[in-house]
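Q: Once you've had a glance at the structure underneath, I'll fire off some questions.
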Amino acid sequence: MNLKNTHKQDIVSKMPKTETIQTVADAMKQLGDPSRLRIFWLLCHCEECVINIAAATGMSSPAVSHHLRLLKSAGLITANRNGKEMYYRAADTPMVNKLHHTIEEIAKISCPDWLDKFEN
């Protein structure tokens, strides 16, 4: 067996399962929409309710709710009820953390400066 075939077999043996690839594809599909990407980035930095997200993004509350449903179904955000209000934030998972940092790296943006104090 030559080196190329051995290398190919090694790569194929380490190929992610279909379910794993589907999870990543679903997340990336949701972040392919600019409005959802903005909402996701915001929720990586704070926990907010629909009304505040709508105000921050210049969108209507129904539009924000639609995007939040899709982000939540993809496992990118979580929701917590506080009284009558639902508050959303980025899910605390390795995939979400990596996506957050990748977005900031690609866009050459960074977390707000005041967050550095809490992370260090």
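Q: Test each condition in (1) without any contact (Cβ under 8 Å) to a residue 60 or more places away in the chain; (2) closer than 22 Å to GLU19 by Cβ for SER35 and report the one that comes out false.
A: Every listed condition holds for SER35 apart from (2).
Q: Looking at (1) modelled with pLDDT of 95 or more; (2) out of contact with any Cys (no Cβ under 7 Å at 6 or more places or on another chain); (3) not basic (Lys, Arg), which is the one condition that is false for TRP114?
A: Here TRP114 clears every test but (1).
Here's the yes/no breakdown for (1) over 22 Å from LEU99 (Cβ atoms); (2) modelled with pLDDT under 90; (3) exposed (fewer than 11 other Cβ atoms within 10 Å of the Cβ):
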residue	(1), (2), (3)
MET1	yes, yes, yes
GLN9	yes, yes, no
SER13	yes, yes, yes
THR18	no, no, yes
MET28	no, no, no
ILE39	no, no, no
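Q: Okay, next question. Take the residues of the stretch 83-108 that are in a loop (DSSP other than H, G, I, E, B) and small (Gly, Ala, Ser): which is surrounded by the most Cβ atoms within 10 Å (Cβ to Cβ)?
A: My answer is ALA91.
Q: Which of the residues spanning the stretch 53-102 are under 13 Å from LEU42 (Cα atoms) and among the basic types (Lys, Arg)?
A: Across the stretch 53-102, the qualifying residue is only ARG89.
Q: For the stretch 79-96, give me each residue that is touching a strand residue (DSSP E or B) at 6+ places or on another chain (Cβ under 7 Å) and farther than 19 Å from GLY32 by Cα.
A: The answer is ALA79, ASN80, GLU85, MET86, TYR87, TYR88.
Q: Filter the stretch 57-77 down to the residues that are touching a strand residue (DSSP E or B) at 6+ places or on another chain (Cβ under 7 Å) and assigned to a helix (DSSP H, G or I), then identify the one that is surrounded by the most Cβ atoms within 10 Å (Cβ to Cβ).
A: Looking at the filtered set, the residue picked out is LEU71.
Q: Can you find a residue in the stretch 47-54 that is assigned to a loop (DSSP other than H, G, I, E, B) and farther than 23 Å from MET28 by Cβ?
A: yes
The values are calculated or read from the model by the stated rules, or taken from the named source; none is laboratory data. Fair warning: this is a prediction, and the values are worked out from it, not measured in the lab. Cβ: placed from backbone, ideal geometry, glycine included. Neighbour counts: every protein chain shown.
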